Amino acid sequence: MDDRRRHSALPGEPGQAPSVAKDMENRIRQARPHVTRNEDLIFEVSSPGKSGVELPPLDVPTVCAEELLGKGLHRADVEGFPEVSELEVIRHFTRLSTWNYGVDTGLYPLGSCTMKYNPRINEVVASLEGLATDHPYTPESLTQGCLRILHEAARCLAEITGMDAVSLQPAAGAQGELTGILLIRACLADRGNPRKHILVPDSAHGTNPASATISGYEVRNIKSNARGCVDLAELDRALTEDVAGLMLTNPNTLGIFETQIREISSLVHARGGLVYMDGANMNALVGVARPADFGVDVLHLNLHKTFSTPHGGGGPGSGPVAVKRGLEPYLPVPTIEQSTDGSYRLDYDRPKSIGRVRAFYGNFGVVVRALAYILANGPEGLRQTTEDAVLNANYVMSRLQDVYELPYDQACMHECVFSDRRQAARGVRTMDIAKRLIDYGFHPYTTAFPLIVSGALMIEPTESASQAELDNFIEAMRSIAAEIEEDPPFVLKAPHTTRISRLDEATAARKPLLRWKPE
Amino acid sequence: MRYLPNSPAERAAMLEATGHQAIEELFAQIPEELRLRGRLNLPGPLSEPEILAFFRQAASESSREYVSLLGAGAYAHYRPVSIDALLSRGEFFTAYTPYQAEIAQGTLQAMFEFQTLMTQLTGQEVANASLYDGSTAATEAVLMALRITRRERVVVARTLHPEYREVLRTYVRHQGVEVKEIGYAASGRVNLDQLQAALERETAAVVIQSPNFFGTLEDAAPIAEIAHRSNSLLIVAITEPLSLGIVRPPAEADIVCGEAQSFGVPVAFGGPYLGFLATREKFLRQMPGRLVGQTRDSKGRRGFVLTLATREQHIRREKATSNICTNQSLCALAATIYLSLLGKRGLKALAEHNLAKAHYAAQQLCTVPGMATPFGAPYFNEFVVQVPAEGEELLAALRAEKVIGGLNLRKFYPELANHLLVCVTETVSKAAIDRTAEVCRRYYSGGLPFPACRG
Ligand SMILES: Cc1ncc(COP(=O)(O)O)c(C=O)c1O
């Protein structure tokens, strides 16, 4: 591969032998992280004697730490710790940030993750003094504002899901799953037998089986049918009297609504089990349909997906669980209640509770942001948002299905899932296509699952993508398909325009280097 | 709606491209009877000024005008403004888990730095890229110890944060694990006799906290020795890691875990916080959570990737070391920035300020007749004060003077009904400490002589 060709996706650079693909590259408007900056590790830019903070003078008598703590407990200093000025810290992290790609940079169609716009007002209100500063053990009478926010957010989420009660304690979706399955367990145990198995469809996200296992259940996978949905006959066979419940994602990870969800719920209930819904995909449903009407007993929401709170490079999130009346007694302690005088309080007196799943009351700061989003939208805005998210996914699907294989050919909800089968015939897999997409200035889609699609391309544009941006994305995807026909090795070596090229993951895992050490 | 980028005309064009006439058709897969008729009963839509007004009102119904002496697992420290300036860069906070390393080097390198900082502080060899919070970190540490030792019992100090113990019980209840609790000695430290007696051949781990829930610093060495004699692991949880600026880390521990909220993360009514877990290299493959590793790209340049993913749920599913997926990345970034700003000198100086303030406060409170610090062992920035009567009345009197005077330990330790847990960080001024002591003195004036102050 000659050098100029390798860089042909950079704007304005003349390419070699004109091809359809290259013309496309130049036409497609691009957003890309900064490629030229260099920045060492903070430990490497450090030099002795510097600090980025100065403390105010100590207004109490100084003490001798070594004396107070004793020789055995006293530490002189932390070896290897960085020593840099404030400016160097600002530059260091600013430069690092330019190597990242976020929703603010451009389209981020990472399936199942709902990478929507994170409104700035959310950040502003979460950092207000009082909300960002109240201590979790502040006496209730002095922190009514925080309690009201929690109460109001829980009420809104109950309304959106149609469920009867909500706990905001779980720290993320996976912890919501764990909480939900523990609730099922507590309820069944109360009825006399917690049972042994949880059924999980083969299309489920990896956290589902992992969470069920911590809850003390053995996971039984059930096969999906030709539509990618739960196979009622298969479910019927699997539903023995040892089955505590079913964990169902709806819409499922193919972006398909489980049309028979009522029949599924009825069947599980008829056999004495309960239905858990993984609500990671609620962005397809808000304002359009409510899980309570599906026969679902408990579900979790991901505030960092559906409700616009930032993903933060991997968190924090928040994974509230919503339940029907019958599961309410088992919710984690404390719950937030309103007294008859209108004031709010924490209720610890819940003898049937499963206990706590984390300290304090959950990721409060994330809940503040989610409530700001709900208020900004109102009921009509939320419904319009859902419609746009579904329209965007269908638009992408309809304009790519002639070049990428659609294993389940039907209208989708909030995301669409292609297979790399045609491209794999040329030796190019979904991850390679994803890497090439980076050259075109987009964040890739999800490649890791659902496992029932070989080489999945899971695309979730969300409502935050404009038509213009989607057209760019669609052209990029078509252009890559053409490149794969023309020149597969070129795609296999992508990305060509980033600061670093593909990394040696095998060595990283074989000889793990997980911290910096001085030379 | 201001967040949505498409115009009605663009929507219509897109709909046409999909071959549909009406948006309703896209929802045809949802059975008619499952669709919501009517509209959600929610407030809004609100404009930006209206949203601000709503939350400002809530923020005003807070304790922001009060001096707070609350700690107990959540610590008020000054946050340099540079933290939020950097966190608010969209490239950081609007990105997700760095699955695509080529366009996520910013997050990955920062996480690698975070892991390094945590190993330096804790004296361990490897640290992960964060867990939800201290309570789940302690719980994950126990689950890890159960896997490593293939045993089914744990011994937990009652001086481990009470809410952490509750979380632990919730998680292990259905895994056939037995949790035994051991008490504290007159010094406020773990009762070594009880520890000795509680250990069995089947004990997977001993879990202690240092500084413990009473603020007392434990001496990890003898505890480790006892634990290791029965081949159990020692897990040390830390809720106030600023202490590590001047306190020797528990190098004898097999796992050091806890809460790093102190490092630049707001108190924010309990979350989001920053769980961490560090351990020895030999236990690496049993660790929960994400790990960032250093490697090279195809041209030999240094780069960072998520690694050892075969421990994790997306590959291992029901056999994963943990179910965690989304973690607390942005909080870990805050901690990385905070610790970089403080640096070696700043961390030490700040820890010394905390030590000095807390000791000054203890001294002042102990001049009040009837108030004393019952535990003799060294402490960092938090300590227990014994008061002449049930603590609630004094706390109410302090509240009337705009002081939240600490945590009434009765909440978690019925036997300590007349004891308060008091935390004094660098954010509490001498004037506030003096005022607090003065209110106590006035409240108890005319009291009888009480035991003298120790420690
Ligand atoms: C379908 C589905 N379920 C569950 C989860 C887990 O949620 P979290 O990452 O918030 O723990 C995810 C997240 O990525 C998901 O896509």
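Just check region A:90-195 against the gyration tensor rule for me: Cα atoms, a ≥ b ≥ c as the square roots of the eigenvalues, rounded for a/c under 1.5, and otherwise prolate or oblate depending on whether a/b exceeds b/c. Oblate.
Each residue in A:Tyr404, A:Tyr101, A:Tyr117 was given a count of other beta-carbon atoms within 10 angstrom of its own, and listing them fewest first yields A:Tyr117, A:Tyr404, A:Tyr101.
For B:Lys357, the lysines whose Cα falls under 20 Å of its own Cα, not counting residues fewer than eight places away in the same chain, are B:Lys348, B:Lys402, B:Lys430. Taking label positions 7 Å along the Cα-Cβ direction at both B:Glu438 and A:His74, the computed distance is 3.4 nm, reported to one decimal. The calculated P(r) of chain B, using every Cα pair and 10 Å bins from 0, goes 4, 18, 25, 23, 16, 9, 4, 1, 0 in percent. This model, with +1 at the C-beta of Lys and Arg and -1 at the C-beta of Asp and Glu, gives chain A a dipole about its Cα centre of some 860 debye. The value of relative contact order for region B:310-440, using C-alpha pairs under 8 Å at least six residues apart, is 22 percent. Extension gain for the segment B:Glu16 to B:Arg56, taken as residue separation times 0.36 nm less the Cα-Cα distance, is 10.0 nm to one decimal. By the beta carbon rule, with partners counted only under 4.7 Å, chain A holds these lone Cys residues: A:Cys64, A:Cys113, A:Cys146, A:Cys156, A:Cys187, A:Cys229.
Simple point charges give the picture: +1 on the Cβ of Lys and Arg, -1 on the Cβ of Asp and Glu, and for chain B a dipole about the Cα centre of about 820 debye. Size descriptors for region A:211-285 (Cα atoms only): Rg and Dmax, in that order, 12.1, 34 Å. Entry for region B:191-232 at q = 0.15, 0.18, 0.29, 0.31 Å⁻¹: log10 I(q)/I(0) = -0.35, -0.50, -1.07, -1.15, Debye formula applied to identical alpha-carbon scatterers, no solvent contribution. In units of the rule-of-thumb radius 2.2 N^0.38 Å, region A:134-362 shows an alpha carbon radius of gyration of 1.00. Dividing the summed -39500 (n - 2.57) terms of all DSSP H runs of n ≥ 4 by the residue count of chain A sets its mean residue ellipticity at 222 nm at -10500 deg cm²/dmol. If a/c stays under 1.5 just call it rounded; otherwise compare a/b with b/c (prolate if a/b is bigger, oblate if not). Do that for chain A, with a ≥ b ≥ c from the square roots of the Cα gyration tensor eigenvalues. Because a/c hits 1.5 or more and a/b fails to exceed b/c, chain A counts as oblate. Take the Cα of B:Lys180, step 7 Å toward its Cβ, do the same at A:Arg325, and the gap between the two points is 4.6 nm. Global dimensions of region A:250-301 from alpha-carbon coordinates: Rg and Dmax equal 10.7, 31 Å.
An oblate overall shape is assigned to region B:1-130, the ratio a/c of its alpha-carbon gyration tensor axes (a ≥ b ≥ c) being 1.5 or greater and a/b not exceeding b/c. Over region B:146-250, the ratio between the Cα radius of gyration and 2.2 N^0.38 Å evaluates to 1.02. What you get for region B:81-338, charging only the Cβ of Lys and Arg (+1) and of Asp and Glu (-1), is a dipole of about 800 debye around the Cα centre. Put simply, the convex hull of the Cα atoms in the protein assembly as shown casts, on average, a shadow of 37.7 nm².
Set against the 2.2 N^0.38 Å expectation for a compact globular protein, region B:81-338 has a Cα radius of gyration ratio of 1.00.
Averaging the sequence gap over all C-alpha pairs within less than 8 Å and six or more residues apart, then dividing by the number of residues, gives chain A a relative contact order of 20 percent. For B:Tyr184, nonlocal amide neighbours, meaning residues 5 or more places apart or on other chains whose placed amide H falls under 5 Å from its own, are B:Asn191.
Bear in mind these aren't lab numbers, they're just calculated from the coordinates by the rules spelled out. Nothing here was measured: the structure is a model prediction, and the numbers come from that model. Glycine also receives a Cβ, built like all others from the backbone with ideal geometry; neighbour counts cover every protein chain displayed.
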